[in-house]
Amino acid sequence: MLCADKSAWLITNHAPQLILSGYDNIDGDIIAVDAGLQSVYEHRLSPTVIIGDMDSLDPALLHKYRDVPLQRHASRKNATDTELALDWCTEKGYGRIVICNDMQGRFDHCLAIVQNLLDLYRKGIDATIESEKQRIFFIRESLSLEGKKGDLLSLVAYSPTVRFVGSIGLEYPLQELVIQQQQSRGISNVFERDEMSLKVAEGEVLAIYTPL
């Protein structure tokens, strides 16, 4: 059973040196994903569990955390270490998950993380990918964001058709806008003020927020 107040922060192999929220402001359990344990160590975080095949992790570093529960997987497997960590979080009932990843590594791995995000969204989990410069998440019917004038919000259709009811505070209004899955129509909308809101009538929408 999911618990909305139970949060997990996945520190992945490609966790950025900085995240938008700030590592000091993490408000949940730390999940070290394979070589992400190096970032956990550098930021002096206390992991709840370490998950992965450990094939890219320094054994000496792993030894420093010998008292932390370890979920070791085979290197030949049918899921990425991040997906295995997300499966563990789902089983434990985390209702909110933040994946810390710079999204600058291999494109196939970045795309896989977005696919993982879609799976979490469909399971009713509040999930976000957070890097140094962006937040990536799926929208549930409506969205309200505080930011600054000039910030960017890109909207990507993840279903054949997305229909918007409308928006407030965006340079390019979304009133009754329809975006097809193959279109780039929703890229690089701009905050006209320090906050915005929108409503979705139909479809699955991936949002990428980029504060400037």
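The values are calculated or read from the model by the stated rules, or taken from the named source; none is laboratory data. What you see is a predicted model; the values in this text were computed from it and never measured. Quick reminder, even Gly has a Cβ in these numbers, built from the backbone with ideal geometry, and neighbours come from all protein chains shown.
So that you can scan it fast, the table gives a plain yes or no per residue for (1) out of contact with any strand residue (DSSP E or B) (no Cβ under 7 Å at 6 or more places or on another chain); (2) surrounded by 13 or more Cβ atoms within 10 Å (Cβ to Cβ):
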position: Q134; (1), (2): no, yes
position: I139; (1), (2): no, yes
position: S142; (1), (2): no, no
position: L145; (1), (2): no, yes
position: D151; (1), (2): no, yes
position: Y172; (1), (2): no, yes
position: S184; (1), (2): yes, no
position: M196; (1), (2): no, yes
position: A207; (1), (2): no, yes
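Which of the numbered conditions does D5 fail, given that it passes all the others? Conditions: (1) among the acidic types (D, E); (2) in a helix (DSSP H, G or I); (3) at pLDDT below 95.
(2)
Got a number for residues in segment 88-128 being over 15 Å from I31 (Cβ atoms) and either modelled with pLDDT of 95 or more or not charged (D, E, K, R) (or both)?
Total satisfying the criteria: 20.
Restricting the first residue to segment 102-123 and requiring it to be of a type in the set (S, T, N, Q), which pairs with a second residue that is surrounded by 15 or more Cβ atoms within 10 Å (Cβ to Cβ) meet a Cβ separation below 6 Å and a spacing of at least six or different chains?
Listed by first residue and then by second, the contacts come to N116/E83; N116/L86.
Can you name every residue in segment 31-83 that is of a type in the set (A, V, I, L, M, F, W, C) and either assigned to a loop (DSSP other than H, G, I, E, B) or touching a residue at least 60 places away in the same chain (Cβ under 8 Å) (or both)?
If the condition is that a residue be of a type in the set (A, V, I, L, M, F, W, C) and either assigned to a loop (DSSP other than H, G, I, E, B) or touching a residue at least 60 places away in the same chain (Cβ under 8 Å) (or both), then L45, M54, L57, V68, A74, A79 are the ones that fit.
Among the residues of segment 53-70, write down those that are among the aliphatic types (A, V, I, L, M) and closer than 18 Å to E83 by Cβ.
Matches in segment 53-70: M54, L57, L70.
Quick one: in segment 99-122, of everything that is outside any helix (DSSP H, G or I) and out of contact with any Leu (no Cβ under 7 Å at 6 or more places or on another chain), which residue is surrounded by the most Cβ atoms within 10 Å (Cβ to Cβ)?
N101
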